[in-house]
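Each remark here refers to the structure printed beneath this line.
The values are calculated or read from the model by the stated rules, or taken from the named source; none is laboratory data. In this text the structure is predicted, and so the values were computed from the model without any measurement. Cβ atoms come from the backbone with ideal geometry, glycine included; neighbour counts cover every protein chain shown.
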Amino acid sequence: MDKAYAYLRHARISPRKVKIVCDLVRGKDVSEAAAILSHTPKAASELLLKLLKSALANAENNFEMDVNKLYVTDCFSCPGPTLKRIMPRARGSASRILKRTSHITIAVAEREV
């Protein structure tokens, strides 16, 4: 069974925040997943919707899959490089701020009937 993948690397959002939205769409049909993402008020849902459309186009154009049979097989995020920043604190000291990034992956495949 072939899968069509789409990747988003170095997204400026924490992987922990993306994981919450990924859990909503994993295993769903593509049309249902798109509806869920378009109505979910999370920052990651906009990124995942764009990525889902990319995976859908990859499946249709590169693998000649039937769009009506597709479902989301994999959806996950891994931590990317962390940007380290400094916040000035009391008495001349400083504390570190970690701005996390994500590598997000979505895979779609045809459902076996």
### Task
Test Ala57 against the stated conditions and say whether it is in contact with a helix residue (DSSP H, G or I) (Cβ under 9 Å, 6 or more places away or on another chain) and either part of a strand (DSSP E or B) or not charged (D, E, K, R) (or both).
no
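Only one of Met1, Met65 is surrounded by fewer than 13 Cβ atoms within 10 Å (Cβ to Cβ) and at pLDDT below 95; which? Even if it seems obvious, please write down each step before you answer.
Values: Met65 fails: surrounded by fewer than 13 Cβ atoms within 10 Å (Cβ to Cβ).
On inspection, the qualifying residue turns out to be Met1.
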## Note on the structure
Of those in segment 53-101 that are touching a His at 6+ places or on another chain (Cβ under 8 Å) and hydroxyl-bearing (Ser, Thr, Tyr), the residue nearest to Glu32 (Cα to Cα) is Ser77
### Message
So Ala43 ticks every box in (1) under 13 Å from the mean Cα position of the chain (by Cα); (2) small (Gly, Ala, Ser); (3) closer than 14 Å to Tyr7 by Cβ but one. Which box is left unticked?
### Response
(3)
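Please go through segment 25-40 and pick out each residue that is in a helix (DSSP H, G or I), free of Cβ contacts under 8 Å to residues at least 40 places away in the same chain and over 11 Å from the mean Cα position of the chain (by Cα).
Keep residues of segment 25-40 that are in a helix (DSSP H, G or I), which gives 25, 30-38.
Among the residues that remain, those that are also free of Cβ contacts under 8 Å to residues at least 40 places away in the same chain are: 31-38.
Ser31, Glu32, Ala33, Ala34, Ala35, Ile36, Ser38 - these are the residues of segment 25-40 that are in a helix (DSSP H, G or I), free of Cβ contacts under 8 Å to residues at least 40 places away in the same chain and over 11 Å from the mean Cα position of the chain (by Cα).
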### Message
From the list Ala44, Ala6, exactly one residue is assigned to a strand (DSSP E or B) and either touching a strand residue (DSSP E or B) at 6+ places or on another chain (Cβ under 9 Å) or within 13 Å of Ala109 (Cβ to Cβ) (or both). Which is it?
### Response
Ala6
### Message
Among the listed residues Val72, Val18, identify the single one that is in a helix (DSSP H, G or I) and either within 22 Å of Glu112 (Cβ to Cβ) or in contact with a Phe, Trp or Tyr (Cβ under 9 Å, 6 or more places away or on another chain) (or both).
### Response
Val18
### Query
If we keep just the residues of segment 29-53 that are surrounded by 16 or more Cβ atoms within 10 Å (Cβ to Cβ) and polar (S, T, N, Q), which is nearest to Arg96 (Cα to Cα)?
Ser45
